[in-house]
Amino acid sequence: MKAQAKTLIDRFLRTYREVFSDKDFARILGKMGMRVTRTICEDYLASSDCVFALDDGLYITRAGAFSNRFFSFKPTRYEVEHKCFAAGARCMPFVDPEMLPSSFTFTYKGEVLPPKIVTFASPDAADLFALYGAEFASQYIAADPANEGLDLAAHDFELPSEVHLTVNSLEPLVKYCGFKYGDRILCRVVDWDYGRIEVVPVKRDENPMRMQADDLERQNWYARLESDFLESFAVAGPCASIEEQLACIFFDDGKALCTAHCGSVEEFLLQSRKVAYEPFGVETRLWKAGEEVPAVGTWNNFLNIDTDSDDPIFEDLAAPDFVFDAYIEDQLFEKKYDPDLVLERILPDGVHLKPEERKILLLHIDSCHAIIKKDYNWFADFHIGPLRRRALALYRKASRLVLEIDRSAVNLERYPQQELVILSQIYNHVLRMLEMIEREPTAAAEDVDEIAASLDGMECNFEDISGELTDAVKSESGSGFVVVK
């Protein structure tokens, strides 16, 4: 896809708010000079993070789904004392998940609430970003421009005792309506693309012991949200992230949840006895309180397929193009070239090619090698080359174990669930790492410390889980495994 066309498509998906069909989308692409089939449009829309699928071949963008929807939060005592509030993860899932919270713009009565920088104790700051997952909160905090120069990798990804956050001033709300601790901020996104959010203060009764009508409505709201969470767990399982889980819940039940008397997810988690943060492999998810988040459940029980089926679920782990490129560049880094070795490393164990198939693949490797070699710079690759080799070695081991489970599994529920989850996370993360190294080499070169630290963790985690999963493979037979996403 041409860069200009992609820019125009992204602009449409980030700003269009009405319901549309794949036919409408094809017509829009046609106006951009792109002639595509409806099938191509369906595939593109299905893979876009900016789109929700509706019934009957209709779609709506996140901008359309979440613009002008109400959500709220209550600033902490510390924030009110410093006449500010931090966005943190409080706007999730109504805003673009790719935008940093420090870049959101908040307005009151048409005027921007001025940004400023305030120092927070790290645990307090982490609480504000908890919905990103404990494993990512520190990275979001470090990415705030107020913490420029903070090198997490150099400190084992631990935050210092205090951090700075870009926050928004509460002074206009204090000045015009006497905003105080206990009061609430009601929000709605007015420009999803630019992250512009309008706020309205919601005053608490002067007598904190008096129950107001909106307090009762908010308790009903929490009960409704709890029910929605439990239904989501049964239908969708642990989604790809907490953000995705929240997006599905608030999109599906937005009419009931996005009201002027809404509560916040923060407050809900403080009072719920049924939903809580739970470990999910090396990550965090919202799940049933006190229960282990499984790799397999009613939402993906298609994984336990008929063992007589001849169709491989994982399609023999066909390597993406960037993995081919990574193996070739690994050899260039070693100043050698052996296409047979590249092919051996790419093919899963036990896969045998016909002579004509082998010849075609070797020709493809030769062609890729000739193209890559023209622009390859050994000196520019000096720091990333060893990390690419480690990533490829881990990819090879993880993919081999996945394939062994695929070929032996009869019932995945008999496998150690958290170990399955961690294997899936390692496999997907190392693939994303290799994709970054091959497709964004400049960014990879700038992040060598972070990549090295990430590899350290994944290699250690793989060693921790591989023995137990290998033992499980030996005790099982049949097939039926895919990487859990």
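The values are calculated or read from the model by the stated rules, or taken from the named source; none is laboratory data. All figures in this text were calculated on a predicted structure; none of them were measured in a lab. Using ideal geometry, Cβ is built from the backbone for each residue, glycine included, and neighbour counts are taken over all protein chains shown. Remember, those area values only see protein heavy atoms, side chains included, never the ligands or the DNA or RNA. Shrake-Rupley method; radii C 1.70, N 1.55, O 1.52, S 1.80 Å.
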Practice problem: Specify the angular offset, from 0 to 90 degrees and rounded to the nearest 10, of the alpha carbon long axis of helix 134-143 from the longest principal axis of the alpha carbons in the chain. | Solution: 80 degrees
Quiz item: Distance in nm between label sites at K6 and V351, each 7 Å beyond Cα in the beta-carbon direction?
Solution: 2.6 nm
Exercise. Compute the Cα gyration tensor for the range 72-126, then decide on rounded, prolate or oblate, letting a ≥ b ≥ c be the square roots of its eigenvalues: rounded whenever a/c is under 1.5, prolate when a/b is larger than b/c in the other cases, and oblate in all that remain.
Key: oblate
Practice problem: Compute the relative contact order of the range 324-447 as a whole-number percentage, counting only Cα pairs closer than 8 Å that sit 6 or more residues apart in sequence. | Solution: 32 percent
Quiz item: So in the chain, what percent of DSSP beta bridges are antiparallel if you round to the nearest 5?
Solution: 90 percent
Quiz item: What whole-number value in Å² describes the accessible area per residue of the range 321-366 for a 1.4 Å probe?
Solution: 57 Å²
Self-check item: Difference of contour (0.36 nm per residue) and Cα-Cα distance, A443 to D366
Solution: 25.0 nm
Practice problem: For the range 409-467, just the Cα set please: Rg and Dmax, both in angstrom. | Solution: 14.1, 44
Quiz item: Using a cut-off of 16 Å between alpha-carbon atoms, which lysines can reach K336, once sequence neighbours fewer than 8 places away in the same chain are excluded?
Solution: K373, K374
Quiz item: Kirkwood hydrodynamic radius for the range 1-132: how many Å is it when counted over pairs of different Cα atoms?
Solution: 17.5 Å
Self-check item: Helical mean residue ellipticity (222 nm; -39500 (n - 2.57) per DSSP H run of 4+; nearest 500) of the chain
Solution: -15500 deg cm²/dmol
Quiz item: For V200 and E267, what is the calculated FRET efficiency with R₀ set at 30 Å and r taken between the beta-carbons, to the nearest 0.05?
Solution: 0.95
Quiz item: How large is ³J(HN,Hα) for each residue in the range 274-289, as worked out from phi by the Karplus curve 6.51 cos²θ - 1.76 cosθ + 1.60 (θ = phi - 60°), to whole Hz, x for Gly and Pro?
Solution: 10, 10, 7, 6, 9, x, 10, x, 9, 10, 10, 9, 7, 8, 4, 4
Practice problem: Would you work out if the range 54-192 is rounded, prolate or oblate? Take a ≥ b ≥ c from the square roots of the eigenvalues of the alpha-carbon gyration tensor; rounded if a/c is under 1.5, else prolate when a/b is larger than b/c, oblate otherwise. | Solution: oblate
Exercise. Sort E446, E468 by accessible area with a 1.4 Å probe, largest first.
Key: E446, E468
Self-check item: Probe 1.4 Å - accessible area at E419, Å² to nearest ten
Solution: 40 Å²
Quiz item: Put Y78, Y59 in order of accessible area, largest first, 1.4 Å probe: what do you get?
Solution: Y78, Y59
Exercise. Go ahead and run the numbers for FRET between D43 and K255, Cβ-Cβ distance against an R0 of 22 Å, rounding to 0.05.
Key: 0.15
Practice problem: Please express the Cα-Cα pair-distance distribution P(r) of the range 59-100 as a list of whole percents, one per 5 Å bin, running from 0 to the bin with the greatest distance. | Solution: 5, 20, 22, 20, 15, 10, 5, 2, 1
Practice problem: Specify whether the C-alpha gyration tensor of the range 327-452 places it in the rounded, prolate or oblate class, a ≥ b ≥ c being the square roots of the eigenvalues: rounded for a/c under 1.5, otherwise prolate if a/b is larger than b/c and oblate if not. | Solution: oblate
Self-check item: Accessible surface, per residue, of the range 225-280 when the full set of protein chains is kept, probe 1.4 Å, Å²
Solution: 43 Å²
Quiz prompt | Protein-only accessible surface order, largest first, of T39, T259 at 1.4 Å | solution = T39, T259
Self-check item: Net lengthening on full extension, R14/E291 (0.36 nm per residue, minus Cα-Cα)
Solution: 96.0 nm
Quiz item: If all Cα-Cα distances of the range 1-69 are sorted into 10 Å bins from 0 onward, what percent lands in each bin, rounded to whole numbers?
Solution: 21, 59, 19, 1
Practice problem: Using Cα positions and a limit of under 14 Å, work out the aspartates and glutamates in reach of K274, with same-chain residues fewer than 8 apart set aside. | Solution: E226, D228, E231, E291, E292
Exercise. Can you run the Rg to Rh ratio on the chain? Use alpha carbon positions and the Kirkwood inverse-distance Rh.
Key: 0.99
Exercise. Would you calculate the volume per residue, in Å³, of the smallest convex hull containing every Cα atom of the range 161-266?
Key: 177 Å³
Quiz item: Straight-line reach from K203: which lysines have a Cα under 28 Å away, not including same-chain ones fewer than 8 places off?
Solution: K74, K83, K109, K116, K175, K180, K255
Practice problem: May I ask you to give the percent of accessible area on the chain that is carbon plus sulfur, with a probe radius of 1.4 Å? | Solution: 52 percent
Quiz prompt | Computed lengthening from M99 to E344, 0.36 nm per intervening residue step minus Cα-Cα distance | solution = 84.1 nm
Practice problem: At 1.4 Å probe size, with no ligands or nucleic acids counted, give the accessible surface of I405 in Å², nearest ten. | Solution: 0 Å²
